Each structure stands twice: as C-alpha cells, then as structure tokens.
Amino acid sequence: MKPAELDRLAQWYGISPTRPSPDGREVPISRETKRKILSALKVDLTAVVDHGRGKARREPKPAVEKIAMSYLPDFLSGTRIWGISLQLYELRSARNWGIGDFEDLVVMADLAGSLGADFVGLNPLHAPFLADPGRCSPYEPSSRQHLNPLYIAVDRLPGFILSRELERKLERLRRADLVDYAQVAEVKLQALRDLWPGWRVRSAVDKAYAPADFDAFVARGGDGLRRHALFECLSLSMVERGAGAGWQAWPADFQRADSEAVAEFERDHEDDVLFHMWLQWLAHRQMMQAAERALKAGMRIGLYLDLAVGEAVDGSATWSEPEVYISEATIGSPPDPFAVDGQDWHLAGYLPSRIASGKTSPFRRMVSAAMRYAGAIRIDHAPALRRLFLVPLGSSAAGGGYVRYPQDRLLQILAETSAEHRCLVIGEALGIIPEDLPDDLAAARILSYRILSYEQDEGGFKPADAYPVLALACISTHDHQTLAGWWRGSDIQDRREHGIVPTDLTEKHLEHRKRERTSLKAALRAAGLGLPQRLDARASREALRELTVSAYRFIARSPSLLVAVRLADLTDEKSPTNIPGTSDSYPNWKPKLSISLEDLMSSPLVKRVTAAMREERPQNRMARERIGSRRILNR
C-alpha cells in the first residue's frame, strides 16, 4: 500500500496523525504505528482499498438529532449536596472477613445517612480474577459487566454456621493492616462451596434469597452470565494445571469460548458453572440490598459507583466477546512532563466500530450494569468518550496514537440509560484532554470532576466560587495522598523512593509544593476560613486536622452540585491507597483504614468535617425522605 493511501485509510478510521510530546508539541506518528493500529482495529488492509484509491468501507455514522443530556435529579436545581467516598475493601469491622463487604456497606450507608450525606462513593466493584486474587486493582477487572464475589457477606447467607477454626482464620485476616486477597478468596470460596449444595432448601423461606429469583437472574443473564461463569471455572482449573488465570496463557483450544474443547469442559462442569452464576446472584442481591438501604437511610443519590476505563486483556470480558475488543493494542497515554516515555495501562478497550452498535451495545450493557444499583456513576478517563490512546503490542507508549470514538452516540446512550435508571453521570477528565471536551460534556449534563490540588492557575489556587456548578468537587482521590500527606509532601517523597521520579526533579517538586502551600493558605484565608498559626511542612497533627476542616469548608462553599468527602482524610491515613507507577514495590489496593467501622465516630475529624458539611450544605429532611421513597419504589 502506498504511503498516501495508508495515511488516508488511517484518517478514515479515526487515527490522529499526531500525538503530543512532553514539551507540548504535536509530533507526527509513524506510518508503522498507523499500520499497527489499523490492524488492531481489525481493518484488513488487503480488503479495504477500492481500486487502489485507499477508499475504506466503513459503517455510516449514526445521526444524532440533538444534544443528548444525561439525567439530573430535579432536587439538585435548588440545593447542593455532599457524600462520603471510600474503597469498599479498605473497611474494617468486627464481623467482616478481612475485607470490607456488602454488609459493611449497609452499615456505612446507615452511618453516612445519619450524618447528613446524600451518597456513598465507591471504587469499581467489577469482577476480578477469582483464580488469581493478587490481581486486585479495581481498575484492571476481568469484566465490567459483573460483580466482585469477594464482597459477598457470607455470614449473612441462610444456613451459614461459623466454626471455631474458621473464626480463628478470620481473626487473623481482620487484624492484618493489608487485605490478604489470596486468603480472603480461599476462605470465602470454600465457605460458599459448603453452602452451595443445599442452598435451595435453606433459602426457600428467605425472601431475600428466593430460588425463583436466582432462576430469573440466570435467565436474564443469558449467554453473557453463562460465559463469565464458565470463564471462572476454566480459570480456576487452568491455575491448578499451572497455566495461569488469564486465557492468553491457556492451551490454544481453550482460548476461544466457542471451541469444542470448551464445550466439553462445560458439559463436564455443569454444576461448577451454575455455582459461579450463583455467586454473581448473591453479589447482586447483597448489592441491591445495600443500594436500597442507602435510600432508606435518607440519601437522595444513594450509591455512587466508579467505572474502569478498560478491562484486563486476558480476562472474562475479552474471552467471552473477543469480537468487540481491540486485541493487538492496549489503552495508555502519550508522553507528558510527568511520564516522559508515556504510559501503557495494559487494558483492553472496545473497538470503535462495535462499542455503540446495536440496541444492546457493549457500552450500554457496561454502564447499565453499574446504573442498576447507583444514583450516580463516575466514568474514569472520560476523554475515552471521544478518543483513546492505543499502544500497539510490542511497541513503547511513544509508538502509540489516538483513535477517535463515536462520542455523539456514546453520549446518547448515556442519556438514555441514565434516564432509565435515574442515575446522574460524572466524567473524570484530567491530564491530556481535547480543549473543547469539557464543553461537550457540560452540554450533555455530565458533571466534571474537580480535585482541589488541580484547581490552580497562574495566580495560585482558584477561589471556591470559580468552581463550576455542574461538577463534583473533592480534596483527593485513590491516586493521591490525603490532604495531610499532600501538605507534608509525602506523595513527592513516595515517587522518589519508588524510583518514579529522579532526585533532582524531586527537589524541584518539593520547592513547587512549598509555593502551593503558601497559595492554598492564601485561598483559604481569602475565603474567611481560619487556619492554625504554625502551618508549615512540619505542622502538628492537630494543625493538619484544622487545615483539613477548613479545606472541606472551602470546597463545600463552591457552587458545585456535589462534594465528596474522602473517608481516608477523616481517618488520617498514612499509607496511600495506590501509588501510580508502582507495582511490586508498593502494596497498591491493599491498605485498610486504621479505624474500624464501629469506631469511626470516635475520630475527631469524622465529627468535625461532617459537622462542617452539614453547616455549609444543609438539607431539608422531609424532602430527602420523599425523594428516597420514590427512588426505592422505582427500582
């Protein structure tokens, strides 16, 4: 194929001719990159050229008659609300099994509701690799259309009896400061296996776990649920054989879900497949109970769920539906000043040509899977609605390129599904984004995501009244230190200690942080908020608590409709949830909170910050109860 023909073909399939460089320039991508990305998009280069003129055959773009607007609750036209965000697994309690679970979520919903919160925000609850629990990042799930069975509260199931031996194991798991995913998976799956043979008899009189509901769940789940359960069985079997949990390491005749070898395995393991469908149903039932409890607790939004931007390349989703995924390139990001070589996130993305196709498109099914439980969802890396940076297999991130996605159609699907489920949409759009994307998202009534430390310009920290109305404001997220940690520069030190940033650059970052501290103090004082007298990098614990209260008052006074209070800020955590750029050198996604659910109200910051939020964002209790009742009835 001639170079000009390749360039035209790449343009036709939405491949951007340039990518950004760390110094802000646009640099051309190579023709080899274009060729690899076209192959990853499953474009047959020998079949798409019409008489040698480079005219590609492509489905016509669906027409969109008007700007699609996502659901926004009526009550938000007259009030601003707040909620509490957390990682579900990080919760400690006297009864859980070493990992926060759906029963802990019920307790948390009651507590948050009693404190005046209108939502509880959670990490992605997507299905992981049960056969390899150490792959615990909620942002690299096996499937986004199914739930994580490790969050099942086994002790709440009919017929469960706690033995002394099991209690001793659970005590060790509870005391640990890190979630031991391997041990949690072992004890939970064994206990669930023990319950499985006679569950129908025991559940017949329990309306929460009625066998007829399970049968209906299986019927509704169809081939998608069956294939996920089959993948789980195969994955566990393959690990026993030493082949690994991910399908790309399996023997060739098991790498395709429609092969005869897989069909034979399924016939021989019919009961096991049904068991894994049962796990999904249990997770669904308990998740639904938590969602209903949140509304009954008076929360007007209820649960707020996070959606990962992609899935594991070798998980259930790509094995079950290979035809809808990009298979020869992974999602990443181009080189930038903080990652000069770019990043490869090793995530599988939907094909642009398939993501929105059909009434039950992959995108619609994925967002609906979360919205069925939630009053709000957050789309991680919302720029993916318009474009993804794809890194061809075997290439460095610098050898990747941007590919266009059907933004108008995806926004239309979000509008339709959010209206159906009465679920508002938040879009996280940080880092390198198209300049006009925020305007497009705002026009679609998708809330932006505003992190305090990012809301700066040449003059320093922006005043609270500069925040947009259509937004969720917060102090920090799972990828950041707490406010106290940020103030001390712990995040900068972490990047140096883990070899992410060299020492000379660390010193520059520390100097910049010193200026940021001065700027933040100026912004808080300008807002009329009190600060302790001695507030430098070595400030006392009490001084940092005062700072935290003032900072939350600051964002609470913004016009942004939603404010999220991070639970880790209120429990003064020293260990970060996740240090981006690390893998084996830090136990990402494992640290637990230092305070148990039962003792949360003994934390000074829990009392002080939530009291401040109630003062800054007061509620009408009767209106809360009416709205909550309507949402429960509509589920």
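Of the residues that sit in the range 358-380 and are in contact (Cβ under 8 Å) with a residue 40 or more places away in the chain and hydroxyl-bearing (Ser, Thr, Tyr), which one is nearest to residue 292 (Cα to Cα)?
Among those residues, the one meeting the criterion is 373.
Within the range 408-428, does at least one residue satisfy the condition of being under 29 Å from residue 549 (Cβ atoms) and either more than 21 Å from the chain's Cα centre (by Cα) or surrounded by fewer than 23 Cβ atoms within 10 Å (Cβ to Cβ) (or both)?
yes
For the range 7-33, name all the residues that are in a helix (DSSP H, G or I) and over 21 Å from residue 396 (Cβ atoms). Working first, answer last.
Keep residues of the range 7-33 that are in a helix (DSSP H, G or I), which gives 7-12, 31-33.
Within the range 7-33, 7, 8, 9, 11, 12 meet the criteria.
From the list 68, 63, which residue is crowded, with 19+ Cβ neighbours inside 10 Å, in the same structural domain as residue 405 (by TED's automatic domain parsing), at pLDDT below 95 and part of a loop (DSSP other than H, G, I, E, B)? Steps first, please.
Numbers: 63 fails: crowded, with 19+ Cβ neighbours inside 10 Å.
Result: 68 is the single residue among 68, 63 that is crowded, with 19+ Cβ neighbours inside 10 Å, in the same structural domain as residue 405 (by TED's automatic domain parsing), at pLDDT below 95 and part of a loop (DSSP other than H, G, I, E, B).
Can you tell me which residue within the range 251-297, out of those that are farther than 25 Å from residue 150 by Cα and among the polar types (S, T, N, Q), is nearest to the chain's Cα centre (by Cα)?
Top of the filtered list is 255.
Output the helices (runs of 4 or more DSSP H) that fall wholly within the range 131-207 and possess 1 or more residues being small (Gly, Ala, Ser) and either in contact with a helix residue (DSSP H, G or I) (Cβ under 6 Å, 6 or more places away or on another chain) or buried (at least 16 other Cβ atoms within 10 Å of the Cβ) (or both), or say none.
By residue number, 181-195, 199-203.
State the number of residues belonging to the range 243-264 that are touching a residue at least 60 places away in the same chain (Cβ under 8 Å) and in a loop (DSSP other than H, G, I, E, B). Show your work before the answer.
Taking the range 243-264 as the starting set, the residues that turn out to be touching a residue at least 60 places away in the same chain (Cβ under 8 Å) are 244-249, 255-257.
Subsequent filtering for residues that are in a loop (DSSP other than H, G, I, E, B) retains 244-246, 255-257.
The number of residues fulfilling the criteria is 6.
Among the candidates 419, 374, which residue alone is touching a Cys at 6+ places or on another chain (Cβ under 7 Å), small (Gly, Ala, Ser), modelled with pLDDT of 95 or more and on the phi < 0 side of the Ramachandran plot?
374
Are there any pairs, at least 6 apart or on different chains, whose C-beta atoms fall under 8 Å, with the first in the range 166-184 and not assigned by TED's automatic domain parsing to the domain that holds residue 591 and among the acidic types (Asp, Glu) and the second modelled with pLDDT of 95 or more and assigned to a helix (DSSP H, G or I), and if so, which?
180/173
Please name all residue pairs, on different chains or six or more residues apart, with Cβ atoms under 8 Å, provided the first residue is in the range 451-477 and is free of Cβ contacts under 8 Å to residues at least 60 places away in the same chain and the second residue is hydrophobic (A, V, I, L, M, F, W, C) and surrounded by fewer than 15 Cβ atoms within 10 Å (Cβ to Cβ).
If the second residue must be hydrophobic (A, V, I, L, M, F, W, C) and surrounded by fewer than 15 Cβ atoms within 10 Å (Cβ to Cβ), the pairs left are 455/466.
Mind telling me which of the residues 254, 231 ends up being surrounded by 13 or more Cβ atoms within 10 Å (Cβ to Cβ), modelled with pLDDT of 95 or more and more than 21 Å from residue 140 (Cα to Cα)?
254
Could you run through the range 225-242 and say how many residues are closer than 20 Å to residue 346 by Cα and part of a loop (DSSP other than H, G, I, E, B)?
Selection size over the range 225-242: 0.
Would you kindly identify the helices (runs of 4 or more DSSP H) lying entirely within the range 546-635 that contain at least 1 residues that are at pLDDT 95 or above and within 17 Å of residue 82 (Cβ to Cβ)? It would help to see each step written out before you state the result.
Details: elements: 567-570, 604-616, 621-634.
By residue number, 567-570, 604-616.
Evaluate the range 275-286: report whether one residue or more is more than 25 Å from residue 136 (Cα to Cα), of a type in the set (A, V, I, L, M, F, W, C) and in contact with a Lys or Arg (Cβ under 9 Å, 6 or more places away or on another chain).
no
Taking the range 71-95 as the search range and keeping residues that are of a type in the set (S, T, N, Q) and outside any loop (DSSP other than H, G, I, E, B), which one is surrounded by the fewest Cβ atoms within 10 Å (Cβ to Cβ)?
Only one residue tops the list, namely 77.
In the range 1-37, how many residues are aliphatic (A, V, I, L, M) and either loosely packed, with under 12 Cβ neighbours inside 10 Å or within 14 Å of residue 388 (Cα to Cα) (or both)?
So the answer is 3.
Say whether the condition of being charged (D, E, K, R), in contact with a Cys (Cβ under 8 Å, 6 or more places away or on another chain) and touching a residue at least 12 places away in the same chain (Cβ under 8 Å) is met by at least one residue in the range 558-575.
The answer is yes; a qualifying residue exists.
The values are calculated or read from the model by the stated rules, or taken from the named source; none is laboratory data. Computed from a predicted model, the values in this text were never measured in an experiment. A quick note on method: Cβ atoms are made from the backbone with ideal geometry, for glycine too, and the neighbour counts reach across all protein chains shown.
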